[in-house]
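Participant: Encoded as structure tokens, here's the structure I'll be asking about.
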Amino acid sequence: MSKFSSVDQNLQDDLRSPLIPSAAATATADGYSKQKKVTMDQMLEKYCGDFGWWQFSHFVLTSFAWALEGIHTMIMIFADREPAWRCSTNRLCDSTAKSVCGLEPGSWEWTGGAASSTVSEFGLICGQKYKVGLVQSLFFAACMIGAGVFGHLSDSKLGRKGSLTIVCIMNAIFGCLTAISSDYWTYTLFRFLSGFSTGGTGLCAFVLATEPVGQSWRGVAGMSTFYFFSIGIAALSAIAYFFQTWRSLYIASSIPSIIFVILLLPFIHESPRWCLVRGKVDEAMKIMHKIAKSNGKHLPDDVVLALDSEVNDDVPDSQSVSREALNGSLLDVLRLPLTRFRLFLAVVINFLCSVVYYGLSLNAVNLGTNLYLNVALNAVAEMPAYLLTALVLDKLGRKPLAIGTMWFSSIFCLAGSLAKGDGTWKLLRMVCGVLGIFGMAGTYNLLFVYSMELFPTVVRNAALGCATQASQMGAILAPFVVVLGGGIPFAVFAFCGIAGGLLVIYLPETLNRPLYDTMAGMEEAETKKPSILS
């Protein structure tokens, strides 16, 4: 009798088991049911801190890469300069001549020796002078290519930190190889390769430095990255002062890249936003816990990161810590009408801004002092523009500020085009150029922040890389505008500034809007709230 009772009891247990979960299963289900899904911006705001000690230290360490870009870009000012010359004999040499082209060979010599610059060593004077502009244009062309390539790679498998590591190593290698160039064409090749890596340096550093920053501080942080670019240019002036020959200058300017890779990069973390969209939720959560701990905050265990498109869904048991990686490319940006239109505007506006910024830099470099002081002062002069735009960025918004700074620059460019080129008018034109670059420097900085906020994480670097490519194209064309001379360059710059400001009108305002993770999440949010497009 007891035997049949036991069997009957087992049968009842088997019948009830599919309907009544075990204690362990109940605990597991309750645990997941209590998990709260939040986006990256929500987690930073509520639990980790928008901009605490962790973000500050990470931002500073990462932004030093911008100084490297400033050094590797502007080194051409010193390496490719035309040195001073003097008569070596009194016979057949006119010391008052403006150029050595009409002088008898052997009657003059370079003051600092033939090794002082590439111009003197490779004979890039008179009929060969165009080669100076050629190597500089090829450098910026390579920057354009590198921005696109590393913009895509940093969105895909390499990540932000991986891409930044590679470009910094390449900068150091190609900088040293440039120093041992045996002839002009070898020099041009290595400068092209340096441009390829330099084009991705600032791009990767900008996104990596700003993505872990919360919404309320993101604009100010993004605007502050350009201080490091100016610091790099000022530091280059000091380096060039102590290393007078172009070969020693290239070696000395490569050392900061080596120091950055060895001493700073190990303390820089990958972007948690990139980890999230790549399905590495565990890794993203570890970084978020570090941020909270360093900032003196507490991140509860029942809070989990999720993509913006998943926040309103239930947390799946098996996908709360991992999911399939999301991939995005420039083709995805072009497929969606919303992002396609934004990309078109961002490309054209960045191109126009770059023409004015680099054009005015080349058109207003003479401050009446030596070359080293000129370059340093030009770098320092842009810093007030960065400060002012950062102070009003979150008050006025991205859109009004971009329009205002571009039109501010245009007004003084227009005035410069009307001023004559002699006497007091010449001084007035120089002042107009300085004020013009003051306004456009603020715009150039702002456009990085603005462009970053216009696209979701999964394609952000690809889109920003495309906009950066447009900027490099403007840098390539700017010297051709400058050589027109007189008031024509100012007139062209004024037109570009006015046109750029008009195009900004058609962009959405991104102030106080989150950084979206996916194309679907952004499209859904933008469709539900059409008011943000104005």
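Participant: Of all residues in region 433-453, which are touching a Phe, Trp or Tyr at 6+ places or on another chain (Cβ under 6 Å) and open to solvent by 10 Å² or more (accessible area, probe 1.4 Å)?
Facilitator: The initial filter retains those residues of region 433-453 that are touching a Phe, Trp or Tyr at 6+ places or on another chain (Cβ under 6 Å), namely 435-436, 439-440, 444-445, 448.
L435, Y444, F448, listed by residue number.
Participant: Which numbered condition in (1) touching a Ser or Thr at 6+ places or on another chain (Cβ under 7 Å); (2) in contact (Cβ under 8 Å) with a residue 24 or more places away in the chain; (3) farther than 24 Å from F260 by Cβ; (4) open to solvent by less than 10 Å² (accessible area, probe 1.4 Å) is the only one that I75 fails?
Facilitator: The failed condition is (3).
Participant: Let me ask another. Which residue pairs have Cβ atoms under 6 Å apart, sit 6 or more places apart or on different chains, and have a first residue in region 383-404 that is within 14 Å of S451 (Cα to Cα) and a second that is of a type in the set (S, T, Y) and not in a helix (DSSP H, G or I)?
Facilitator: So the pair list comes out as R398/T510.
Participant: Report yes if L507 is closer than 22 Å to W407 by Cα, part of a helix (DSSP H, G or I) and either in contact (Cβ under 8 Å) with a residue 12 or more places away in the chain or in contact with a strand residue (DSSP E or B) (Cβ under 7 Å, 6 or more places away or on another chain) (or both), otherwise no.
Facilitator: Working: closer than 22 Å to W407 by Cα: yes; part of a helix (DSSP H, G or I): no; either in contact (Cβ under 8 Å) with a residue 12 or more places away in the chain or in contact with a strand residue (DSSP E or B) (Cβ under 7 Å, 6 or more places away or on another chain) (or both): yes.
Criteria not met by L507.
Participant: Give me the residue from region 463-504 that is among the small types (G, A, S), farther than 30 Å from L153 by Cβ and at pLDDT below 80 and, out of that set, most open to solvent (accessible area, probe 1.4 Å). Show your work before the answer.
Facilitator: Initial filter on region 463-504 (among the small types (G, A, S)): 463, 465, 467, 470-471, 474-475, 478, 485-487, 491, 494, 497, 499-501.
With the extra rule that they be farther than 30 Å from L153 by Cβ, the set shrinks to 485-487, 491, 494, 497, 499, 501.
With the extra rule that they be at pLDDT below 80, the set shrinks to 485-487.
Numbers: G485: 29, G486: 50, G487: 19 Å².
Within region 463-504, the match that is most open to solvent (accessible area, probe 1.4 Å) is G486.
Participant: Between S309, S294, S409, which is touching a helix residue (DSSP H, G or I) at 6+ places or on another chain (Cβ under 6 Å), of a type in the set (S, T, N, Q), modelled with pLDDT under 90 and open to solvent by less than 60 Å² (accessible area, probe 1.4 Å)?
Facilitator: On the way: S294 fails: modelled with pLDDT under 90; S409 fails: modelled with pLDDT under 90.
Of the residues listed, the single one that is touching a helix residue (DSSP H, G or I) at 6+ places or on another chain (Cβ under 6 Å), of a type in the set (S, T, N, Q), modelled with pLDDT under 90 and open to solvent by less than 60 Å² (accessible area, probe 1.4 Å) is S309.
Participant: Collect the residues in region 152-170 that are among the basic types (K, R) and surrounded by 21 or more Cβ atoms within 10 Å (Cβ to Cβ), keeping them in residue-number order.
Facilitator: Here is the first cut: in region 152-170, the residues among the basic types (K, R) are 157, 160-161.
Within region 152-170, just R160 meets the criteria.
Participant: Tell me which residues, restricted to region 44-88, are of a type in the set (D, E, K, R) and within 18 Å of the chain's Cα centre (by Cα). Let's see the steps before the verdict.
Facilitator: To start, the set of residues in region 44-88 that are of a type in the set (D, E, K, R) comprises 45-46, 50, 69, 80-82, 86.
Matches in region 44-88: E69 only.
Participant: Still on this model: Scan region 89-108 residue by residue and report those that are at pLDDT 75 or above and assigned to a loop (DSSP other than H, G, I, E, B).
Facilitator: Taking region 89-108 as the starting set, the residues that turn out to be at pLDDT 75 or above are 101, 108.
The answer is C101, and nothing else.
Participant: Same structure again: With the requirement that a residue be of a type in the set (A, V, I, L, M, F, W, C) and touching a residue at least 24 places away in the same chain (Cβ under 8 Å), what does region 60-72 give you?
Facilitator: Of the residues in region 60-72, the ones of a type in the set (A, V, I, L, M, F, W, C) are 60-61, 64-68, 71.
Passing the criteria: L61, F64, A65, W66, A67, L68, I71.
Participant: Within region 109-153, work out how many residues are of a type in the set (A, V, I, L, M, F, W, C), in contact (Cβ under 8 Å) with a residue 40 or more places away in the chain and not in a helix (DSSP H, G or I).
Facilitator: 2
Participant: With respect to V220, determine if the residue is outside any helix (DSSP H, G or I) and either under 30 Å from G112 (Cβ atoms) or among the β-branched types (V, I, T) (or both).
Facilitator: Values: outside any helix (DSSP H, G or I): no; either under 30 Å from G112 (Cβ atoms) or among the β-branched types (V, I, T) (or both): yes.
Taking the combined requirement at face value, the residue does not satisfy it.
Participant: Checking Q244 against (1) outside any helix (DSSP H, G or I); (2) open to solvent by less than 40 Å² (accessible area, probe 1.4 Å); (3) of a type outside the set (V, I, T): exactly one of these is not met. Which one?
Facilitator: Checking Q244 against (1) outside any helix (DSSP H, G or I); (2) open to solvent by less than 40 Å² (accessible area, probe 1.4 Å); (3) of a type outside the set (V, I, T), the one that fails is (2).
Participant: Can you name the residue in region 252-282 that is surrounded by fewer than 18 Cβ atoms within 10 Å (Cβ to Cβ) and over 23 Å from the mean Cα position of the chain (by Cα) and is also farthest from Y187 (Cα to Cα) among such residues?
Facilitator: Here the residue is D282.
Participant: Please count how many residues of region 259-287 are closer than 14 Å to L61 by Cα and in a helix (DSSP H, G or I). Can you show your working first?
Facilitator: Going through region 259-287, the residues closer than 14 Å to L61 by Cα turn out to be 259-271.
Filter once more, so that each one left must be in a helix (DSSP H, G or I): 259-267.
Selection size over region 259-287: 9.
Okay, residues lined up against (1) aliphatic (A, V, I, L, M); (2) open to solvent by 60 Å² or more (accessible area, probe 1.4 Å); (3) touching a strand residue (DSSP E or B) at 6+ places or on another chain (Cβ under 7 Å); (4) under 30 Å from F59 (Cβ atoms):
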| residue | (1), (2), (3), (4) |
| --- | --- |
| M144 | yes, no, no, yes |
| F150 | no, no, no, yes |
| A172 | yes, no, no, yes |
| G175 | no, no, no, yes |
| A179 | yes, no, no, no |
| D183 | no, yes, no, no |
| T186 | no, no, no, no |
| R191 | no, no, no, no |
| F196 | no, no, no, yes |
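The values are calculated or read from the model by the stated rules, or taken from the named source; none is laboratory data. These numbers come from a predicted model, not from an experiment. All Cβ positions, glycine included, derive from the backbone under ideal geometry; neighbour counts span all protein chains shown. With ligands, DNA and RNA removed, areas are computed over all heavy atoms of the protein, side chains included. Shrake-Rupley method; radii C 1.70, N 1.55, O 1.52, S 1.80 Å.
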